[in-house]
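A.B. asks: Sharing a structure, written as structure tokens. Questions coming.
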Amino acid sequence: MTDDGERGTPGKGLVQGLAVTLKTMTKRSTTRQYPDVEPELPPRSRGVIALLEENCTVCMLCARECPDWCIYIDSHKEEVVVPGAARARQRNVLDKFDIDFSLCMYCGICIEVCPFDALHWTPEFEYAETDVLDLLHDKNRLGEWMRTVPPPPAHDVLGEPSKEEATAARKAAGPGAATAAKADVRRPTAPPAGRPNPAAQAEPEPPEQPQ
Amino acid sequence: MMPLWLDLLIRIVAVVVGFLTLPLIVGQAEHKVMAHMQGRLGPMYAGGYHGWAQLVADGVKFVQKEDITPKDADRGVFRLAPIVALFPYLLVLLAVPLGPGNLVAQPLDVGLFFVLAVLGVGVLAVLMSAWASANKYSLLGGLRGAAQLLGYELPLVLAAASVAMAAGTLSLPGIVEAWKPWWLLWQAPAAIIFFVAGLAEIRRPPFDMPIADSELVFGYMTEYTGLRFAFFLLAEYVGIIVIAALTTVLFLGGWHGPAADHLGWLWTLLKIFALSFVIIWFRVTFPRLREDQLQRLCWLILVPLALAQLVLTAAVKIAT
């Protein structure tokens, strides 16, 4: 009480403190009652990785790119006899696809590199276990999570066009016009006054797909 | 007329029921009010609806816990201390009038004197538990508590003396009887001094230096477990009721209010709960006073103010 510097009316701080607590009391609490009420997760939440087994070709890209080697894949080859073909074709069949979520650091590289969209992020996060060994999930468990994969979010109209779109536009513009086409794609044809709409966005795309 | 023993029985049972339920209501209110003041929800599960049964659940939990007495403790004193902390408050409630027309368990002519004397026993419980625990934290807390309680006893008594002088009686119902609304202004300093000193007497934040959980673990309650610890907690909540009730009776006009003849008890209870809310509010808002600040507030502010109030009361009393 002796070491107060310059201060206004004595007791002002006390009253202000009382006002703050009283105001807080009348406001709604921000607590979310999680187990009773589902949390509202942001889009693209990284909860767990789901596997769409049919899309997997056992290319091993995910397992090799994984920074902490938490993906374990086993497979065997099967002969597929195609009627009318000269010889039987070979096909990879997935035997084991395990992800050890005690090692996974949720970087999402496996999902990025998968060329066939076999791996997906899902916002599901309630898979805690009492034993760390139980965090090794096999392909059946990973497949069950496919049900919880949300539809992909709508494309951001102001964002850069996807790699596929840009490539297609460049090819359509023909060789030599690559940079011009690229610049054209980045800034849609719509004038700056009007916000670009999906139709304007699609306009630079060629009518026929090159492949 | 009903026989004396039945009359006595009803009064005592009523006080005991109030003694057991009012603190629970205040405790639950503290949980919820404190939570919402801090932007939380507080207990939500016990009992189903917004955790109304949290304190009942706490009680059940405390009963189940092991009752530990430290090896070096002074066993008898250690075990007696929680009772000594709790029992005086029960006696105080006996003398607090709830409404007009003898609606008090025991109308004493020296009610105020009795109440203040019995409240002073609280120091004893603190010292007993602190010394008997054979724990340095307990001892430090107990000594702080003793210094604080002895110090704040003085403004408490002086403020009460002022209102007793104004009313010309020591009887609690008598004081409420004599109370006039303009006393709110006349006795305002005494009311504030009494309330603040009362907060210090029951060792509530911001006067919880003897407990000071961040530095003394839990002060004189450090070694207590189970039911005995629950007694100390209950004593704290009863203490809130007692201080709120005494402030109500002495300074806020007790049962005075619209339709006081029929609803007097309701007015008393409402005022008690309003003051209990203020006590909880203070706890949430203000940080703990340092030991030197605590003593400075008592001796350099409250005691001189109380003496000045006493002079003012005497002057007005002689003038009218």
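A.B. asks: Where does the Debye-calculated log10 I(q)/I(0) of the stretch B:241-320 sit at q = 0.14, 0.15 Å⁻¹, using only Cα point scatterers of equal weight, no solvent?
C.D. replies: Computed log10 I(q)/I(0) values: -0.72, -0.80.
A.B. asks: Could you give the length gained on full extension between residue A:134 and residue A:34, defined as 0.36 nm per residue of separation minus the Cα-Cα distance, in nm?
C.D. replies: On the way: separation 100, 0.36 × 100 = 36.00 nm, distance 2.38 nm.
Taking residue A:134 through residue A:34 to full extension adds about 33.6 nm, to one decimal.
A.B. asks: Continuing with the same structure: Taking 0.36 nm per intervening residue step and subtracting the Cα-Cα distance, what contour gain separates residue B:300 from residue B:68 on full extension?
C.D. replies: Gain on extension, residue B:300 to residue B:68, equals 79.4 nm.
A.B. asks: Taking the Cα of residue B:312, stepping 7 Å toward and past its beta carbon, and measuring to each backbone N in the stretch B:196-212: which are under 19 Å?
C.D. replies: B:196-198
A.B. asks: A further question follows. Per residue, how much space in cubic angstrom lies within the convex hull of the C-alpha atoms of the stretch A:12-141?
C.D. replies: Working: hull volume 24.6 nm³, N = 130.
Here the figure is 190 Å³ per residue.
A.B. asks: A further question on this structure: Karplus couplings for the stretch A:56-66 from phi (6.51 cos²θ - 1.76 cosθ + 1.60, θ = phi - 60°), rounded to Hz, Gly and Pro as x?
C.D. replies: Karplus values, whole Hz, x for Gly and Pro: 7, 10, 6, 7, 6, 4, 4, 5, 7, 7, 4.
A.B. asks: What's the average, rounded to a whole number, of partner chain beta-carbon atoms within 10 Å of each residue's beta-carbon in A:18-26? Mind showing how you got there, number by number?
C.D. replies: Working: counts 6, 1, 3, 12, 4, 1, 6, 10, 2.
Across the residues of A:18-26, the mean count of other-chain Cβ atoms within 10 Å is 5.
A.B. asks: Take residue B:16 and residue A:164, extend 7 Å from each Cα along the Cα→Cβ direction, and tell me the distance between the two endpoints in nm.
C.D. replies: 8.1
A.B. asks: Another question, if that's okay. Checking a compactness column here: for chain B, what do you get for Rg(Cα) / (2.2 N^0.38 Å), N being the number of residues?
C.D. replies: Working: Rg = 19.8 Å, N = 320, 2.2 N^0.38 = 19.7 Å.
That works out to 1.01 for chain B.
A.B. asks: Right, here's the next one. What's the FRET efficiency of residue B:165 with residue B:117 using the Cβ-Cβ distance as r and R₀ = 30 Å, to the nearest 0.05?
C.D. replies: Numbers: r = 18 Å, r/R0 = 0.60.
With R0 = 30 Å, the Cβ-Cβ based efficiency is 0.95.
A.B. asks: How many nm is it between the label spots at residue B:50 and residue B:25, if each spot is 7 Å from the Cα in line with the beta carbon?
C.D. replies: 1.5
A.B. asks: Just to confirm a number: summing +1 for Lys and Arg and -1 for Asp and Glu over residues other than residue B:24 whose beta-carbon lies under 13 angstrom from that of residue B:24, what do you get?
C.D. replies: Values: positive: B:32; negative: B:30, B:58, B:236.
Result for the local shell: -2.
A.B. asks: On to the next question. Between the stretch B:33-83 and the stretch A:118-161, what is the C-alpha centre distance in whole Å?
C.D. replies: Cα centroid of the stretch B:33-83 versus Cα centroid of the stretch A:118-161: 43 Å apart.
A.B. asks: Sticking with this one: Looking at chain B, do any whole DSSP H helices span at least 18 angstrom along their long axis by alpha carbon and average 1.6 or above on Kyte-Doolittle, and which? Working shown, then result.
C.D. replies: Values: long enough: B:4-37 (48 Å, 1.41); B:75-95 (32 Å, 1.76); B:136-167 (46 Å, 1.01); B:188-201 (19 Å, 1.86); B:226-251 (37 Å, 2.00); B:260-285 (37 Å, 1.25); B:303-319 (24 Å, 1.86).
Flagged H segments are B:75-95, B:188-201, B:226-251, B:303-319.
A.B. asks: Packing-wise, with mean Cβ within 10 Å as the measure, how do B:35-45, A:72-82, B:308-318 rank, highest first? Don't jump to the answer; show the numbers that get you there.
C.D. replies: Numbers: B:35-45: 17.1, A:72-82: 11.6, B:308-318: 14.7.
Peptide ranking by packing, descending: B:35-45, B:308-318, A:72-82.
A.B. asks: Let me ask something else. Please give the contour-minus-distance gain from residue B:215 to residue B:124: 0.36 nm per residue of separation, less the Cα-Cα distance, rounded to one decimal in nm. Walk me through the numbers on the way to the answer.
C.D. replies: Working: separation 91, 0.36 × 91 = 32.76 nm, distance 2.26 nm.
Length gained between residue B:215 and residue B:124: 30.5 nm.
A.B. asks: Another question about this same structure. What does the charge count near residue A:79 come to, summing +1 for each Lys or Arg and -1 for each Asp or Glu among other residues with Cβ under 13 Å from its Cβ? Can you show the working numbers first?
C.D. replies: Numbers: positive: A:77, A:87, A:89, A:91; negative: A:78.
Within the 13 Å Cβ shell, the charges total +3.
A.B. asks: What does the average come to when, for each residue of peptide B:36-43, you count the partner chain Cβ atoms lying within 10 Å of its Cβ? Please list the in-between numbers first.
C.D. replies: Working: counts 7, 8, 4, 7, 4, 6, 2, 0.
Whole-number average of other-chain Cβ neighbours for B:36-43 is 5.
A.B. asks: With a bin width of 10 angstrom, please list the P(r) values of the stretch B:111-151 as percents of all Cα-Cα pairs, from the 0 bin to the one holding the largest distance.
C.D. replies: Bin by bin from 0 Å, the calculated values are 32, 44, 19, 5.
A.B. asks: Right, something else. Return the distance in nm (one decimal) between the two label points of a simple spin-label model at residue B:7 and residue B:110, each offset 7 Å from Cα along Cα→Cβ.
C.D. replies: 2.3
A.B. asks: So, one more: Which pairs, out of A:77/A:139; A:27/B:271; A:23/B:65, put more than 27 Å between their alpha-carbon atoms?
C.D. replies: Values: A:77/A:139 18 Å; A:27/B:271 25 Å; A:23/B:65 38 Å.
Where the Cα-Cα span goes over 27 Å, the pairs concerned are A:23/B:65.
A.B. asks: To the nearest 0.05, what FRET efficiency results for residue A:96 and residue A:44 with a Förster distance of 35 Å applied to their C-beta separation? Don't jump to the answer; show the numbers that get you there.
C.D. replies: Details: r = 28 Å, r/R0 = 0.81.
Computed FRET efficiency for residue A:96 and residue A:44: 0.80.
A.B. asks: Bin width 10 Å, origin at 0, all Cα-Cα pairs of the protein assembly as shown: what percent of pairs per bin?
C.D. replies: The calculated distribution, bin by bin, is 3, 13, 17, 16, 11, 8, 9, 9, 7, 4, 1, 0, 0.
A.B. asks: On average, how many beta carbons from a partner chain sit within 10 Å of the beta carbon of a residue in A:11-17?
C.D. replies: Details: counts 0, 0, 1, 4, 1, 1, 6.
Taking the mean over all residues of the peptide, I get 2.
A.B. asks: Counting Lys and Arg as +1 and Asp and Glu as -1, what is the net charge of the other residues whose Cβ lies under 13 Å from the Cβ of residue B:132? Each step should come with its number before you reach the end.
C.D. replies: On the way: positive: B:71, B:75, B:79, B:228; negative: B:72, B:74, B:223.
Within the 13 Å Cβ shell, the charges total +1.
Every number here is computed from the coordinates shown, using simple stated rules; none is lab data. Keep in mind that what you see is a predicted model, and the values were worked out from it rather than measured. Note: ideal-geometry Cβ built from the backbone for every residue, glycine included; neighbour counts use all protein chains shown.
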